[in-house]
Amino acid sequence: MEWDCWETLEHLADGLFAYAVQLAPARPPLDGFVPLRRQRDRPDGPPNVVFVDRAVGPAGLLQVLESGGGLLTAMVRTASPQTRAFHAFGVSDPEGFAAMGVVEALVHTHDVAAGLALPWAPPADLCDRALARLFPEAPGDTDRWPTLLWATGRAELPGHPRRTFERWHSAPLRNKEA
């Protein structure tokens, strides 16, 4: 990645906020994003709406990140399951936006942990649920965290060709198991 750890977490907070915003209008947009102005702090930085004052330090950055997650959680819990809203990978439902938020949180936490040379791995059941919702084509007989890294183009998975991440399945699943 070309972003530093701060920018990566700021991008994550921005993504969680953006997913919540897509679900928030009385009639969520189906053909584009809610028209927020995005900008970059530097030419190779992430294009965000949400920026954190660096003077507040890591505690302030984590507070903004927690706020983005809280907003997305609130929108997913209060939106009707029939709500649909635009995403660049296809119109999605609240469950899909929740899964997208989970994947973003997991892979960007991985990115930051790797940048800081820290070991980190999330719970397998969380990875499994995200894989089932957004990557239904992913193998089901492999360890869940390495499979999620593979599905997002971040790692190799033994016995499977290297994958280049292009998109996930954001549309609601038709034959969902309970």
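Just one of the listed residues (Leu36, Leu61) is in a helix (DSSP H, G or I) and of a type in the set (A, V, I, L, M, F, W, C), namely Leu61. Of the helices (runs of 4 or more DSSP H) contained entirely in segment 68-178, those carrying at least 1 residues that are open to solvent by 70 Å² or more (accessible area, probe 1.4 Å), out of contact with any Leu (no Cβ under 7 Å at 6 or more places or on another chain) and not aliphatic (A, V, I, L, M) fall at 94-115, 124-134.
Looking at Val91, Val50, Val56 in this structure, which one is of a type in the set (Val, Ile, Thr), out of contact with any Phe, Trp or Tyr (no Cβ under 9 Å at 6 or more places or on another chain) and within 30 Å of Pro29 (Cα to Cα)?
Numbers: Val50 fails: out of contact with any Phe, Trp or Tyr (no Cβ under 9 Å at 6 or more places or on another chain); Val56 fails: within 30 Å of Pro29 (Cα to Cα).
Among Val91, Val50, Val56, only Val91 is of a type in the set (Val, Ile, Thr), out of contact with any Phe, Trp or Tyr (no Cβ under 9 Å at 6 or more places or on another chain) and within 30 Å of Pro29 (Cα to Cα).
Could you identify the single residue in Arg154, Arg84 that is within 19 Å of Gly15 (Cα to Cα), of a type in the set (Lys, Arg) and at pLDDT 95 or above? Please lay out each step first, then the result.
On the way: Arg154 fails: at pLDDT 95 or above.
When all the criteria are applied, what remains is Arg84.
Scanning segment 16-53 for residues that are open to solvent by 60 Å² or more (accessible area, probe 1.4 Å), in contact (Cβ under 8 Å) with a residue 24 or more places away in the chain and more than 21 Å from Ser170 (Cα to Cα) yields Asp41, Asp44, Phe51.
Sub-8 Å Cβ pairs linking a first residue in segment 126-153 that is over 19 Å from His108 (Cα atoms) to a second residue that is of a type in the set (S, T, N, Q) and buried (at least 16 other Cβ atoms within 10 Å of the Cβ), at least 6 apart or interchain, are Ala138/Thr147; Pro139/Thr147, ordered by first then second residue. Of all the residues in segment 26-75, those that are closer than 21 Å to Gly90 by Cα and of a type in the set (Ser, Thr, Tyr) number 1.
The values are calculated or read from the model by the stated rules, or taken from the named source; none is laboratory data. Being a predicted model, the structure only gives us computed values, none of them experimental. Virtual Cβ from ideal backbone geometry, glycine too; neighbours counted across all protein chains shown. For the accessible areas, the whole protein counts, side chains as well, though only heavy atoms, and no ligand, DNA or RNA atoms are used. Shrake-Rupley method; radii C 1.70, N 1.55, O 1.52, S 1.80 Å.
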